[in-house]
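Asker: Please read through the structure below; I'll follow up with questions.
Derivation of every value follows stated rules applied to the coordinates shown; laboratory data play no part. Computed from a prediction, not measured in an experiment: that's the story for all the values here. Note that each Cβ is placed from the backbone with ideal geometry, even for glycine, and that neighbours are counted across all protein chains shown.
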Amino acid sequence: MAQASGVSVRTLSAAFREYRYCTPMQALMEQRLQGVRAELLVAARGATVRSIAETWGFANPGLFAARYRQRFGEYPSRTLGLA
């Protein structure tokens, strides 16, 4: 992102902290978690949390579930059950 923006990594990180109140990696993680949640909420019957999470780049199911629960206050399997 820094290279594409034509700035240093330090400058990019500082700008994120100033305007988004987080690091670039935190912003990316938030986008990925939001993406998984959106897909879980509209998932077709038979869809799995694991397959949806893997689509969004989460390779470790346990770590993903912990981050998801920390962010949304429920396990991803519960969100899938709401669909």
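Asker: I'd like the trypsin sites (Lys or Arg not before Pro) in the range 14-67 restricted to DSSP loop residues with at most 14 other Cβ atoms within 10 Å, sorted by number.
Answerer: Arg20, Arg45
Asker: Where Lys and Arg each count +1 and Asp and Glu each count -1, what net charge lies around Met29 among other residues with Cβ under 10 Å from its Cβ?
Answerer: Neighbour charge sum, excluding Met29 itself: +2.
Asker: Using only helices, what value at 222 nm comes out for the chain when you add -39,500 (n - 2.57) per DSSP H run of length 4 or more and divide by the total residues, to the nearest 500 deg cm²/dmol?
Answerer: -20500 deg cm²/dmol
Asker: In square nanometres and to one decimal, what's the mean projected area of the convex hull around the Cα atoms of the range 1-59?
Answerer: Projected over every direction and averaged, the Cα hull of the range 1-59 covers 5.0 nm².
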